[in-house]
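Only one structure is covered here, and it is reproduced in the block below.
The values are calculated or read from the model by the stated rules, or taken from the named source; none is laboratory data. Computed from a prediction, not measured in an experiment: that's the story for all the values here. Positions of Cβ are backbone-derived with ideal geometry, glycine not excepted, and every protein chain shown enters the neighbour counts.
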Amino acid sequence: MARRSTKTPPPEDFEERILDIDVVDEMQGSFLEYAYSVIYSRALPDARDGLKPVHRRILYQMHEMGLRPERSYVKCARVVGEVMGKLHPHGDSAIYDALVRMAQPFSMRLPLVDGHGNFGSLGNDDPPAAMRYTECRSASAAGLMTDSIDEETVDFAPNYDGSEQEPVALPAAYPNLLVNGASGIAVGMATNMPPHNLSEIIAAARHLIKHPGADLETLMRYVPGPDLPTGGRIVGLDGVKDAYAKGRGTFRIRATAEVEQVTARRKGLIVTELPFTVGPEKVISKIKDLVNAKRLQGIADVKDLTDRQHGLRLVIEIKNGFHPEAVLEQLYKLTPMEESFGINNVALVDGQPLTLGLKELLEVYVDHRFDVVRRRSAFRRGKRQDRLHLVEGLLVALVDIDEVIGIIRSSDNAAQAKEALIARFGLSDVQTQYILDTPLRRLTRFDRLELESERDRLGQEIEELTRILESDAELRKLVSTELAAVAKTYGTPRRTVLLESAGAPVATVPLEVADDPCRVLLSSTGLLARTASVDAVFDQDARRTKHDVIVSAVPATARGEVGAVTSAGRLLRLSVIDLPQLPASATTPNLAGGAKLTEFLTLEDGESLLCLTTLDESSPGLALGTRHGVVKRVVPDYPANKDELEVISLREGDRVVGAVELRTGEEDLVFITDEAQLLRYPAGQVRPQGRAAGGMSGVKLGPDAQVVSFTAVDPAAEAVVFTAAGAEGTLDDTPGSAKLTPFDQYPRKGRATGGVRCQRFLKGEERLVLAWAGHAPARAATKAGAPAGLPEIDPRRDGSGVPLAGPVAVIGGPV
């Protein structure tokens, strides 16, 4: 079965006409029309107000809607709908994107829209919410753009369908194009203009108003360079000078970063400002890609701690062993933390796209402002002249008010009354009609005084406006004064730092920290640090400071390792590069700049760190003394593949009370018990043992006696013995009696003997609670690390102590 055709036949009078058109001509004409439409109606800003059509239409429509700063917010969707329906025949997304940008403080140096809600984030990492959720109203600066627009200051043109009128440019009370910049891509051309500081731009404009022949160099004294909303640093100003002179140029923007101690173990780079249009997510993503590709070294972690309270804060943790300054230089080279900005000052002047320098941009704006103020003055003068004409007519009528009333009452109608008044008083038609429309209650003596006052005021205003219109100097003065008022109200300090060059290259700093000699220090308060040199010597006569009692110090190298011996008989490896470095200017053994040992070592409950040791297997090894009187010399055998080693096998209930690394093997080992017995004998009497051994008897203890101190002392050096007795607790809780005695007063005895008395107890004292033997001079500190005083040296070996002036928790010797 044949299917019926549904094609509508042409009408009978249809005449087919085919036109032959040259494709080249058609493409050329159509393309030119399209290009002109894009250039003039969409992509390029007008040099007078610095706005593209979509931005201008948004601001004008918000003005018409009465969305002033003191009014409540309205949905952005409502504004977009009004703009799209009345003025802008394009998609709603384009209008909303333009509105959002005018509300972003990181995009505009002086935002024109006051947004309420999520309007996106820097770099568009967090896109804005849909327009049905966000709200807006005009910002204060938007009022400057539309101020006096109702006073015939600018030309209006029909909208896309001729049903509405829209301004071809806004009055613009400040140079918006230079202040907020612009960007856009047209056909065959593009514009990209950076924001500037409002106060600087207005200062340059005012100078140009006063000195029309000013050269570019003079203007650049006021405008040295762009001032970006996101701050940062502009490196190299040659490209800026080129752009100000010719309209084209390139400059580089660097992020603002400082080196800080971000954790106890690591330094980091704190980024507080990023290049214009660059967001933190973009930087983080690039850093991670480079680290994974092994093109960037020294980065331990990257955190984005940005919030509304503190603003942008990007924390880049640097691995120990790398110079943060060198890593920062690599970040500038390889990541968006340094970006280039190409200036292309293309704007519309009289409908034509032109590339303009700084002076030309200011001249176009100033000329526009002259025209606006001139037209505004003419409008205001006309309004005041019209009002003065009416007031003068009313005053004429008030002089003979009775006659005026009589004429009106004797007339048959209003037309006859008007003619009679015109004939009698010589009034104009407008004045006569105003008199007829004025209620009788306005024609009192008081109103006459008001009218005379108004007449005088209007005369003065008209005279002033006429002076402005007839004098170019007065016009320039007024425009300059208005610009100064804007700068005073809306001016803000410069955010972007301008640098002539990048400065001294950081490449001279090696990326990794050199394996230089140093010393690792342990304070009595558990702080660890390293010095800049192994030869660092602290001034013992310097003023005492907190944390200055150092209980252990060993030589090392910056990229090496040392051992940490604990009271549980463990030796833990400690990476030197992880430790904070003390300032090179330090002159006292002050570890206030150190870090808590818990940042680097994991200790068990009740376990404490006793000393540091090198891992040099050619040394005489460690000497250990336990609470139960066991002594051990450890053979220096430290396998590199183990981070934790056992250096003594302890019996149940026993613990190490003292540990020291022997330097020569000729030292004397010293035990001090809580019964005030001191035993001293050469280290050679103790045979070195393997790490798994349990040691041997070191001192003979009485019933219930314990060792309170074990040290090693060079017999050739000047040394002292400190002992302190008490009833219970520690001297940090309750000061007791103590004595300081020269070490040479105590004779050598054999190993595993009882030793000699070192302090005689006073009434109420039961045992020694603190003891120490070491090189002089001795230093004491409280538990918190504060300096504490010691008694004078007492030469009596077994004499009684003297009361302490304050609590003491630890004793140490010179470093």
| remark: In the set SER608, SER618, the lone residue that is among the polar types (S, T, N, Q) and under 28 Å from ASP704 (Cβ atoms) is SER608
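Out of curiosity, is MET102 modelled with pLDDT of 95 or more and under 17 Å from LYS52 (Cβ atoms)?
On the way: modelled with pLDDT of 95 or more: yes; under 17 Å from LYS52 (Cβ atoms): yes.
Yes.
Select from the stretch 271-311 the residues that are in a strand (DSSP E or B) and small (Gly, Ala, Ser) and write down the one among them that is nearest to PRO194 (Cα to Cα).
Here the residue is GLY311.
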| Of (1) in a strand (DSSP E or B); (2) modelled with pLDDT under 90, GLY268 satisfies all except one. Which? | (2)
| said: If I filter the stretch 253-265 down to residues being in contact with a helix residue (DSSP H, G or I) (Cβ under 8 Å, 6 or more places away or on another chain) and in a strand (DSSP E or B), which single residue comes out as farthest from GLU325 (Cα to Cα)? | reply: ARG254
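Hey, among the residues in the stretch 306-322 that are more than 30 Å from GLU561 (Cβ to Cβ) and of a type outside the set (S, T, N, Q), which one's surrounded by the most Cβ atoms within 10 Å (Cβ to Cβ)? Break it down into steps so the answer makes sense when it comes.
Step one: of the stretch 306-322, the residues more than 30 Å from GLU561 (Cβ to Cβ) are 306-314.
With the extra rule that they be of a type outside the set (S, T, N, Q), the set shrinks to 307-308, 310-314.
Details: ASP307: 9, ARG308: 5, HIS310: 9, GLY311: 13, LEU312: 22, ARG313: 14, LEU314: 24.
If we take residues in the stretch 306-322 being more than 30 Å from GLU561 (Cβ to Cβ) and of a type outside the set (S, T, N, Q), then LEU314 is surrounded by the most Cβ atoms within 10 Å (Cβ to Cβ).
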| field | Filtered residue count, the stretch 410-446, keeping only those that are under 13 Å from VAL396 (Cα atoms) and touching a residue at least 40 places away in the same chain (Cβ under 8 Å) | value | 4
| message | For the stretch 344-381, which positions are of a type in the set (Ser, Thr, Tyr) and not in a helix (DSSP H, G or I)? | response | THR355
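Kindly check whether there is at least one residue in the stretch 669-681 that is closer than 24 Å to PRO555 by Cα and at pLDDT 95 or above. I'd like the intermediate steps shown before the answer.
The initial filter retains those residues of the stretch 669-681 that are closer than 24 Å to PRO555 by Cα, namely 669-670.
From the residues that got through so far, the ones that are at pLDDT 95 or above too are 669-670.
Yes; the residues of the stretch 669-681 include at least one that is closer than 24 Å to PRO555 by Cα and at pLDDT 95 or above.
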| remark: Screening THR753, THR730 for residues that are among the polar types (S, T, N, Q), closer than 30 Å to ARG633 by Cβ and at pLDDT below 85 leaves only THR730
| request: Considering (1) closer than 19 Å to LEU228 by Cβ; (2) charged (D, E, K, R); (3) not assigned by TED's automatic domain parsing to the domain that holds ARG313, say which one LYS246 fails and leave the rest. | output: (1)
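Name the helices (runs of 4 or more DSSP H) wholly within the stretch 51-148 that hold at least 3 residues that are closer than 18 Å to ASN176 by Cβ? Lay out the reasoning, then the answer.
Details: elements: 53-64, 76-86, 92-103, 140-146.
Answer list for the stretch 51-148: 53-64, 92-103, 140-146.
For GLY694, state whether it is surrounded by fewer than 21 Cβ atoms within 10 Å (Cβ to Cβ) and closer than 16 Å to VAL635 by Cβ.
Numbers: surrounded by fewer than 21 Cβ atoms within 10 Å (Cβ to Cβ): yes; closer than 16 Å to VAL635 by Cβ: yes.
In short, yes.
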| Looking at (1) in a strand (DSSP E or B); (2) of a type in the set (A, V, I, L, M); (3) on the phi > 0 side of the Ramachandran plot, which is the only condition ALA157 fails? | (3)
| In the stretch 280-305, what residues are touching a residue at least 60 places away in the same chain (Cβ under 8 Å) and either buried (at least 19 other Cβ atoms within 10 Å of the Cβ) or charged (D, E, K, R) (or both)? | PRO280, GLU281, LYS282, GLY298
| task | Give the residues of the stretch 671-688 that are within 12 Å of GLN706 (Cα to Cα) and either out of contact with any strand residue (DSSP E or B) (no Cβ under 9 Å at 6 or more places or on another chain) or not aliphatic (A, V, I, L, M) (or both), sorted by residue number. | result | PHE671, THR673, ASP674, GLU675, GLN677
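If only one of ARG380, ARG374 is crowded, with 18+ Cβ neighbours inside 10 Å, in the same structural domain as GLN460 (by TED's automatic domain parsing) and of a type in the set (D, E, K, R), which one is it? Step through it out loud before you land on a result.
Values: ARG374 fails: crowded, with 18+ Cβ neighbours inside 10 Å.
Exactly one of ARG380, ARG374 is crowded, with 18+ Cβ neighbours inside 10 Å, in the same structural domain as GLN460 (by TED's automatic domain parsing) and of a type in the set (D, E, K, R), namely ARG380.
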| Pair list, Cβ under 7 Å, 6 or more apart: the stretch 482-498 residue of a type in the set (Val, Ile, Thr), other residue part of a loop (DSSP other than H, G, I, E, B) and modelled with pLDDT under 95 | THR496/GLY231; THR496/GLY232
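Just to be sure before I move on: is TYR174 touching a residue at least 60 places away in the same chain (Cβ under 8 Å) and more than 25 Å from VAL113 (Cα to Cα) in the structure I sent?
Values: touching a residue at least 60 places away in the same chain (Cβ under 8 Å): yes; more than 25 Å from VAL113 (Cα to Cα): no.
So TYR174 does not fit the description; no.
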| request: Could you grab me the full set of residues in the stretch 437-468 that are over 16 Å from ARG387 (Cβ atoms) and either exposed (fewer than 15 other Cβ atoms within 10 Å of the Cβ) or among the basic types (Lys, Arg) (or both)? | output: PRO439, LEU440, ARG441, THR444, ARG445, PHE446, ARG448, LEU449, ARG467
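Taking the residues in the stretch 168-184 that are farther than 21 Å from PRO224 by Cβ and in contact with a helix residue (DSSP H, G or I) (Cβ under 6 Å, 6 or more places away or on another chain) as candidates, determine which candidate is surrounded by the most Cβ atoms within 10 Å (Cβ to Cβ). Can you show your working first?
Within the stretch 168-184, the first condition is being farther than 21 Å from PRO224 by Cβ, and the residues that meet it are 168-173, 183-184.
Cutting the leftovers down to in contact with a helix residue (DSSP H, G or I) (Cβ under 6 Å, 6 or more places away or on another chain) gives us 170-173, 184.
On the way: LEU170: 28, PRO171: 24, ALA172: 25, ALA173: 23, GLY184: 19.
The residue in question is LEU170.
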| note | Note on ALA716: of the conditions (1) within 23 Å of VAL551 (Cα to Cα); (2) surrounded by 15 or more Cβ atoms within 10 Å (Cβ to Cβ), unmet is (2)
| said: It is to be established whether one or more residues within the stretch 755-768 are in contact with a strand residue (DSSP E or B) (Cβ under 9 Å, 6 or more places away or on another chain), of a type in the set (Gly, Ala, Ser), surrounded by 16 or more Cβ atoms within 10 Å (Cβ to Cβ) and on the phi > 0 side of the Ramachandran plot. | reply: yes
| said: Name the single residue that is nearest to THR566 (Cα to Cα) among those in the stretch 636-651 being over 46 Å from the mean Cα position of the chain (by Cα) and free of Cβ contacts under 8 Å to residues at least 40 places away in the same chain. | reply: PRO636
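Quickly run through the stretch 201-229 and pick out the residues that are closer than 15 Å to ALA243 by Cβ, in contact (Cβ under 8 Å) with a residue 12 or more places away in the chain and not in a loop (DSSP other than H, G, I, E, B).
Looking only at the stretch 201-229, we keep the residues that are closer than 15 Å to ALA243 by Cβ, and these are 201, 204, 216-217, 219-220, 223-228.
Those left that are additionally in contact (Cβ under 8 Å) with a residue 12 or more places away in the chain: 201, 204, 216, 219-220, 223-228.
Passing the criteria: ILE201, ALA204, LEU216, LEU219, MET220.
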